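What follows is a set of notes on a single structure, which appears directly below.
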Amino acid sequence: MKKIISILILVGGIGLGAFTIQSCSTSAMVQAKSGAQLWGENCKRCHNVASPSDYSDVQWDVIGTHMRLRANLTADEMRKIVEFLQSAN
Amino acid sequence: MKALKHLLVVPLVLAFLISPAQDSKKAKAKLSPLPGTTRMLITGSAWFGYQGILNNTTDTDVTSNFNDYGFSPVFLWKLSDRLFFESEVEIGAGEFELEFAKLSYMVNDYITIGAGRMLTPFGAYGERWEPNFVEKFPNSPMETSTGSHLHRGAIMGVDVRGGLPLGSVKMNYVVFISNGPILDQSNGMVQYENLLEENNNNKELGGRIGILPFSNSSLEIGFSYKRGIAGNQGDSVYKDVAASAFAIDWNYVNDISAIKSTITFRGQYNSLSVDDAIYPVDESSKAAGTYTFDNKQTLYFAQLSLRPSLVGNKFFKNLELSFRLNGLTDPQDAAWGAKDKNGKGGTVTRTDLGLTYWLSWKTSLRTAYVSTAMPDDSNTNEFLVSFVYGL
């Protein structure tokens, strides 16, 4: 058990290290990703992708928050994705 | 325990550190100009199923049965930019149950506090893959032989969660405190889904850290841990008996253009360990002698799916072929669980071969051939069909 905990801490440590190296900023490449691209990359990970036209603007706002919380997506990604879905429905 | 506390602190510190830098970039989400301010959505699914048992039966067994139906509405309310409520009710097959009812407060981009009855944030299966329109098979991955809800179901408690961008890597975390597992003091079985029937003051602590190492998010690996006292409050023998568990989950989804297909490779490995304790040989009289055993279980599943989503043909595009391997190993010397021919605890292996036709992103007709091999060398083969309608 101790071993597992150590592994978990190590992982946390690596995360912290990565974070320090990046010094507070998301790399330029990731930052430059459009809402459409983030949608294409993230929304197919767990289930099939719903079409933007399946839901209204308000519904996408609700779903976006739901997925941000359930799937632990970053808030920044989610804002871009919801904006994309609202412009494409 | 101390180490666990440290583990829980890492993501929180991280979240607080980045929070001021990123908060300013908040862009207001565009909302519909239509009248009304309530932001809510009712969604969910309905299903029915058929089971055919193919072998290992006697003349009096029912081998052909429409064996499952149900309807699950999911209610979502975005109460404000920071407050969110979600709930699911399951109605079906003799059940009427509140699956979850959770209120979440988004403190900032990296920290959300949730409270209520929530799907267990231990591993990825319970929260992310169990909802029946996400599942690709007509059945679920194998549960422990005692139905302990080690890796699924709901907890009552509070959690803190968030997603963190770390350069081209992403990380996410959940930590939770909840009513904990309950030990059956007559035989050492543990039950996780107790909700309001708490048997002691100790609360379970746990969490999960997810890492997405590739910038295209195609892979996520999660590490989870939870620990809580399972014995009854103040009991002279069992009050310190704790159950701890860890899980490793993974999910890889990618389009492979060479085979014109989307592949999904996901799974979860769980290990449960209950502190050693003595149990009465005769459960009913508690008179005779006592025995103890190494109370450890492992449970896993791994599944690979292939959907030719990049081919032109409309029919083949919507077909998905899946294979899942499930395994469960029970304690050697427990009074319960799957036993081999010598009465020792053993391993149950189940293979699921599934073919699903997707009628929409949420609606599908699923079939599977399921073969279960018990440690005593007996086996069962089944054919399952289920229709899941996304609402």
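Bear in mind that the values in this text are calculations on the coordinates, not laboratory data. Fair warning: this is a prediction, and the values are worked out from it, not measured in the lab. Glycine also receives a Cβ, built like all others from the backbone with ideal geometry; neighbour counts cover every protein chain displayed.
Mean projected area of the Cα convex hull of chain B, taken over all directions, amounts to 23.7 nm². In the distance distribution for segment A:34-89, Cα-Cα pairs more than 13 Å apart total 53 percent. In the protein assembly as shown, helices alone account for a calculated mean residue ellipticity at 222 nm of -5500 deg cm²/dmol, with every DSSP H run of four or more residues adding -39,500 (n - 2.57).
Ordered by the number of other Cβ atoms lying within 10 Å of each residue's own Cβ, fewest first, B:GLU130, B:GLU220, B:GLU97 fall into the sequence B:GLU97, B:GLU130, B:GLU220. Here's how it looks for B:GLU99: its modeled amide H is under 5 Å from those of B:GLU88, B:VAL89, B:GLU90, which are all 5 or more places away or on a different chain. Can you give the net charge of the other residues whose Cβ lies under 15 Å from the Cβ of B:GLU143, counting K and R as +1 and D and E as -1? Residues close to B:GLU143 contribute a combined charge of -2. The 3J(HN,Hα) values that the Karplus relation (6.51, -1.76, 1.60; θ = phi - 60°) gives for segment B:352-367 are, in residue order, 10, 10, x, 10, 10, 10, 8, 8, 7, 5, 10, 10, 8, 10, 10, 10 Hz. Gly and Pro appear as x.
Length, then width, then depth: along the principal axes, the Cα atoms of the protein assembly as shown run 72, 53, 45 Å.
For the peptide B:83-92, the mean number of other protein chain Cβ atoms found within 10 angstrom of a residue's Cβ is 1. Quick one: net charge of B:ASP249's neighbours, Cβ under 9 Å, K/R +1, D/E -1? So the environment of B:ASP249 carries a net charge of +2. Spin-label model, B:LYS203/B:VAL107: points 7 Å from Cα along the beta carbon direction are separated by 1.4 nm. Cβ crowding within 10 Å, taken as a proxy for footprinting-reagent exposure, orders A:VAL30, B:VAL274, B:VAL281 from fewest neighbours to most as B:VAL281, A:VAL30, B:VAL274. Taking segment B:220-323 on its own, what percent of its Cα-Cα pair distances exceed 16 Å? I get 72 percent for the Cα pairs in segment B:220-323 exceeding 16 Å. Ordering B:ILE182, B:ILE91 by the number of other Cβ atoms within 10 Å of each residue's own Cβ, fewest first, gives B:ILE91, B:ILE182.
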